[in-house]
């Protein structure tokens, strides 16, 4: 299947994607599965599916990608939970130290104000 830069422009593709497209194949590019996979992280394939596929082809695309998306979300959620578990103690310590430092700072500000105020003739 051939895709043209004019088609991408007419469908509202971002300039960065159009520039990469042109860099890969000029104004007309023959898409192959290998090319798509090679550049899997460089193009927004969901955007392409929404704007370049027919409704029935988009439904097929969604059906095929849904299990991979679900697995990605499962792995991402697990990794995020582990990240939160590992970083929670450090975040709590940061909050404790920051609160203590802020309280010290607030006391110094109050004392400085009082001392300057008492020297002023108001």
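The values are calculated or read from the model by the stated rules, or taken from the named source; none is laboratory data. Just so we're clear, the structure is a prediction, and the values are computed from it rather than from any experiment. Using ideal geometry, Cβ is built from the backbone for each residue, glycine included, and neighbour counts are taken over all protein chains shown.
The table for this structure:
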| read-out | value |
| --- | --- |
| Output for the stretch 28-79, where each listed residue is within 20 Å of the chain's Cα centre (by Cα) and either at pLDDT below 95 or closer than 21 Å to residue 5 by Cβ (or both) | 39, 40, 41, 42, 43, 44, 45, 46, 47, 48, 49, 50 |
| Every pair of residues 6+ apart whose Cβ atoms lie under 9 Å, when the first sits in the stretch 39-58 and is farther than 16 Å from residue 13 by Cβ and outside the structural domain of residue 24 (by TED's automatic domain parsing) while the second is exposed (fewer than 15 other Cβ atoms within 10 Å of the Cβ) and modelled with pLDDT of 95 or more | 58/50 |
